[in-house]
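Following: one structure in structure tokens, then a few remarks.
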């Protein structure tokens, strides 16, 4: 049990992050933000924008070769996008 917790902490801590393609593969059939959080955990970066149509959330996960960004509207994943990490 302790080894499993240590392995998870190692991956989430930054060392040994998976690639953008591996992250996308993990969530290939995930359609909701609840499913996304259950599968990948909390995002590394989160942004929310209120629009006349409701909140648009942007969830960003860092990967070993960039980042994966999810656009979420009404609790549903609308866009999955992978690319190079952008420093801010």
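At a glance:
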| quantity | calculated |
| --- | --- |
| Residue satisfying all of: in the stretch 59-80; on the phi > 0 side of the Ramachandran plot and at pLDDT below 95; nearest to the chain's Cα centre (by Cα) among these | 75 |
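Here is a yes/no grid of residues against (1) surrounded by 12 or more Cβ atoms within 10 Å (Cβ to Cβ); (2) in contact with a helix residue (DSSP H, G or I) (Cβ under 8 Å, 6 or more places away or on another chain); (3) at pLDDT 95 or above:
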site	(1), (2), (3)
2	no, no, no
9	no, no, no
13	no, no, no
16	no, yes, no
29	no, no, yes
32	yes, no, yes
38	no, no, yes
41	yes, yes, yes
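The values are calculated or read from the model by the stated rules, or taken from the named source; none is laboratory data. Since the structure is predicted, the reported quantities are computational estimates derived from the model, not experimental observations. Here Cβ is always computed from backbone atoms with ideal geometry, including for glycine, and neighbour counts include all displayed protein chains.
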